Structure formats: C-alpha cells, structure tokens
Amino acid sequence: MRPRLGAPVDLVIFDLDGTLVDSFEDIRAGLKEACAAIGLAAEAPMLALASRGAPLEEFYRLASGADPHAEGERARFQQFREAYRHHYLPSCTLTTVPFPGVVAVLEALRARRPRPRLAVATTKRTETAERVLAGTGLRALFDAVAGSDDLPHKPDPAVLRRAAALAGADLDAGAAVMVGDTDRDVGAAHAAGIRSIAVTWGGFSEAELRMLGPSAIASTPEELLALLP
C-alpha cells in the first residue's frame, strides 16, 4: 500500500482524458478528420500525442510543421480545429468509456463525511468536457467542470483555479489535490502550489511520472481512493 497524502483534502480536481475516461480512440479519429480537412496525413507521431494530453495547437504543429498562431497559418489552423470539433463533438463517446473502477471511486468519495468537493479541469473546452461527462454517465458525480476555453493550457494552473472557484473552494488553503495522468497535470499542480496524484493507467508510464515529482502515484483507481485522506 502506498502512503496516504497526509493532510485532509476538501477538493479533488481530476483531469479528464486518460484519468477519468479512456477517450484516446475517439480523439485519434477526430485528428484524422482534422488532418484530412487540410490535406495532410495523420502520421503516427502525431496520433501518439492523443494519449499525452496535448492541446490541438500541438497536434497542428506536429502535423503541419507550422506555428498555428503565425500570420499565414491562422486560417488553416482554424479549419483544422473546426474539422476536429465537427467530427469529435457528435461522436465523442462512441468508444470513450470511464476507466474500470473510476465510477466506484467517485461514488465512494461522494459518500464520505465530510464530503470533498470534486471537480474536473481539462484541456478540452468546457462544452466538450460536459458532453463527454454526460455521455459517459459521470457528470452528476462532479460539483464543477472547468475547460480551458479562454485560458492557457496546463501546466499553467489557470484551469485548476477556475475549477476550484466553480466548486466554491480556495485553492490556496492547502486542502486540494490534482489527479492526472500527464506531465501537464503534475506541472499544473506544482504551479498552483497543491498536491498531486499521478495515475499510471493513462498516457504516461510510472517511470515517466515518478521523474515529475508528484506527491503520490496510483496504479489503480482503488489505490487512488486509498491515497486520499
């Protein structure tokens, strides 16, 4: 049994893709459509990023070799982004499902007294995250959902702060923890000054995660539950 985090937790912020849900195949399908829309092949190195928490800007850079925000690339990147969303939004739960054990963990956390607040902080837009959570039956288990609509992406802590505010929690009170599967999640927790639990069932191996210095590592959802005070 891994050691528990120690101090009590009153807010647990979860990443979405690779932490709560296995969405990688749906993301890859959307990326293939996005690449086709701008006349590019969806090469394996770019598709591999689907499990690494990358935002669409990084997918575009890898696919096109160009900066999506450069003057001559903005329209093309917009076409790429809209093609992805046009395909992904209607089909974002075709193969996306909660990881085994996740629902039981969330229900167990909600049954605790006092109950910690539960929030989602994701690179996805809030609208998309809400759709994924509703389609996978998870939405009712969360107090708040924060997407990165107009915010810098993780590892910037802005979306964690938005999630905390929406959940009615103070991120600076020392009683929050971030749960995620990538370097971006652990980095955002570090930047926000909160604890982190890295999970190994997403896109990063335990060895990769350990090098990032999370507060704890969980290899199963059940172990995650045991880690939280």
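List of remarks:
- Simple Cβ-charge dipole of the chain, Lys/Arg +1 and Asp/Glu -1, about Cα centre, in debye nearest 20: 520 debye
- The translational diffusion coefficient of the stretch 24-91, from Stokes-Einstein at 10 °C and 1.306 mPa s with a Kirkwood hydrodynamic radius over alpha carbon pairs, comes to 137 µm²/s.
- Where GluC sites (Glu not before Pro) in DSSP loops with at most 13 other Cβ within 10 Å are excluded, longest remaining stretch of the chain: 72-229
- Whole-number percent relative contact order across the stretch 35-141, with pairs defined as alpha carbons under 8 Å at least 6 apart: 23 percent
- Residue exposure sequence - Ile13, Ile27 - by fewest surrounding Cβ within 10 Å: Ile27, Ile13
- Average projected area [Cα convex hull, the chain], square nanometres: 11.8 nm²
- The chain, helix-only ellipticity at 222 nm - DSSP H runs n ≥ 4, -39,500 (n - 2.57), divided by all residues, nearest 500: -12500 deg cm²/dmol
- In the stretch 112-190, the inverse of the mean reciprocal separation of distinct Cα atoms equals 12.8 Å; this is its Kirkwood hydrodynamic radius.
- Rounded to the nearest 20, the size of the Cβ-charge dipole of the stretch 24-91 about its Cα centre is 60 debye, with Lys and Arg at +1 and Asp and Glu at -1.
- Charge tally for Ala163 (other residues, Cβ to Cβ under 10 Å; Lys, Arg +1; Asp, Glu -1): +2.
We did not get these values from a lab; they are worked out from the coordinates using the rules stated. Values in this document were obtained by computation on a predicted structure and should not be read as measured data. As a convention, Cβ positions derive from the backbone with ideal geometry for all residues, glycine included, and neighbour counts pool all protein chains shown.
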